[in-house]
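S.K.: Handing you a structure now.
The values are calculated or read from the model by the stated rules, or taken from the named source; none is laboratory data. Keep in mind the model is a prediction, meaning the values are calculated, not measured. With ideal geometry, Cβ positions are generated from the backbone for all residues, glycine too; neighbour counts draw on all protein chains shown.
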Amino acid sequence: MRWVEEMNGRAGLMRRMLETIGAMDQMPEGMCVGQDIRVAVDRCICCEKAESCEQWLEEQSGKGIVRPPEMCPNAELFTKWLDNTPQEAES
């Protein structure tokens, strides 16, 4: 059951990232969004920088909306969501 805990942990990090950067309300609507989200989740699950991500999120607490860190494998996608630019998922 460790993999379930790992997935839940990564889902929590991704949620916190989206909230911290203000992208939760900026996610575009449309047919490709589901695919974008699946790709983003896969990237997050496979990311080897979860501890750095957790630390970065803690450091941003109370700072307001910021851009995602370069270390994030989803930084480009999340930035496009923030800029409200349509994006096709890339694997």
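S.K.: Would you mind telling me which numbered condition in (1) closer than 18 Å to residue 25 by Cα; (2) out of contact with any helix residue (DSSP H, G or I) (no Cβ under 7 Å at 6 or more places or on another chain) residue 59 fails?
M.R.: Exception for residue 59: condition (1).
S.K.: On to the next question. Of all residues in the range 1-54, which are modelled with pLDDT of 90 or more and among the β-branched types (Val, Ile, Thr)?
M.R.: 20, 21, 39, 41, 45
S.K.: Name the residue that is surrounded by the most Cβ atoms within 10 Å (Cβ to Cβ), counting only residues in the range 43-72 that are without any contact (Cβ under 8 Å) to a residue 24 or more places away in the chain and in a helix (DSSP H, G or I).
M.R.: This residue is 56.
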